[in-house]
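Chemist: My questions all concern the structure below.
The values are calculated or read from the model by the stated rules, or taken from the named source; none is laboratory data. Just so it is clear, the model here is predicted, and its values are computed rather than measured. All Cβ positions, even for glycine, are placed from backbone atoms using ideal geometry, and neighbour counts span all protein chains on display. Keep in mind that these areas ignore ligands, DNA and RNA; they rest on the heavy atoms of the full protein, side chains included. Shrake-Rupley method; radii C 1.70, N 1.55, O 1.52, S 1.80 Å.
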Amino acid sequence: MIIRYPQELLAAVKKATRGRQLAGFTPGQGPRHPELMLIGEAPGRHEERVNIPFSGASGQELMRLVESIGYSRQTVYITSVVRQRPYAVKVVQNKKTGQQVEKTPNRTPTKGEVRAFAPLFDWELHFVDPQILVPLGNTALQRLLGSKANIGKMHGQLIESPIQEADPDSNGYRWATKRYRIFPMYHPAAILYVRRLEPVVQADWQRLGKYLKENH
Ligand code: URA
């Protein structure tokens, strides 16, 4: 299922992100009421082009990990805390021709951008109603558990906690009352950049697989 977000929330996000360097719009995807909701940071260039979350290089790593515990793209819900591709604008010189060319590489979303998309994410979470949240990397983890949360310390273990939701009064966050089961994982791109993390990430996913077998 490709999710359809409420028009009024989309309009509010559009207003809150006006003028920012954000491209495309990649919706979340997957079944309602799944065991797992995988939560990334933001779409990259590939996702912007094909409109499918985690369909590029990080997505391939992620799917290998998901499949290693007996799940598939069809059985998990996949989303991110920001729905558009954050990009930077860089002018670089083409080495061969000497010409100046403009590049728009991916970048990490700012805290303001994550907050601008927060009402959309909150709505999606309630609508999808997953059993376990799997934030992938610090951006997603901190969106749920606040800026002191750290993936290096919290990866690969079950945490039961309330999560943050958008607070319209302060334009920041407040703690929701419901407690969630959260299983933080390194972002799959971490494996691509830091190869020595691969066995750590694989072991984390095996731990999640074992937890799911024992508890479902
Ligand atoms: N990184 C993310 O966080 N999400 C994607 O969809 C792709 C890369």
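Chemist: Out of Met37, Met63, which single residue is under 22 Å from Tyr180 (Cβ atoms) and of a type in the set (A, V, I, L, M, F, W, C)?
Modeler: None of the other options fit; the residue is Met37.
Chemist: Shifting gears a bit: Of everything in region 139-166, what is touching a residue at least 40 places away in the same chain (Cβ under 8 Å) and in a helix (DSSP H, G or I)? Give them in sequence order.
Modeler: Answer for region 139-166, where residues must be touching a residue at least 40 places away in the same chain (Cβ under 8 Å) and in a helix (DSSP H, G or I): Thr139, Ala140, Leu141, Arg143, Leu144.
Chemist: While we're here: Can you name every residue in region 25-67 that is in a helix (DSSP H, G or I), open to solvent by less than 60 Å² (accessible area, probe 1.4 Å) and over 25 Å from Thr104 (Cα atoms)?
Modeler: Across region 25-67, the qualifying residues are Met63, Leu65, Val66.
Chemist: Which of the residues belonging to region 186-214 are in a helix (DSSP H, G or I) and touching a helix residue (DSSP H, G or I) at 6+ places or on another chain (Cβ under 8 Å)?
Modeler: Residues satisfying the conditions are Pro188, Ala189, Ala190, Ile191, Leu192, Leu197, Glu198, Val201, Gln202, Trp205, Gln206, Gly209.
Chemist: Find the residue count for region 170-216, including only residues that are open to solvent by 80 Å² or more (accessible area, probe 1.4 Å) and among the aromatic types (Phe, Trp, Tyr).
Modeler: Final tally of qualifying residues: 2.
Chemist: Let me ask you something else. Every residue in region 108-158 that is over 16 Å from the mean Cα position of the chain (by Cα) and open to solvent by less than 30 Å² (accessible area, probe 1.4 Å), please.
Modeler: Gly156
Chemist: Residues being among the hydrophobic types (A, V, I, L, M, F, W, C) and in a loop (DSSP other than H, G, I, E, B): count how many of those fall in region 98-116.
Modeler: Here the count works out to 0.
Chemist: Does region 56-85 hold any residues that are within 11 Å of the ligand (Cβ to nearest atom) and over 13 Å from the mean Cα position of the chain (by Cα), and which are they?
Modeler: Result: Gly56, Ala57, Gln60, Glu61.
Chemist: Moving to a separate point now. Would you be able to tell me the number of residues in region 196-214 that are out of contact with any strand residue (DSSP E or B) (no Cβ under 9 Å at 6 or more places or on another chain) and not charged (D, E, K, R)?
Modeler: The number of residues fulfilling the criteria is 7.
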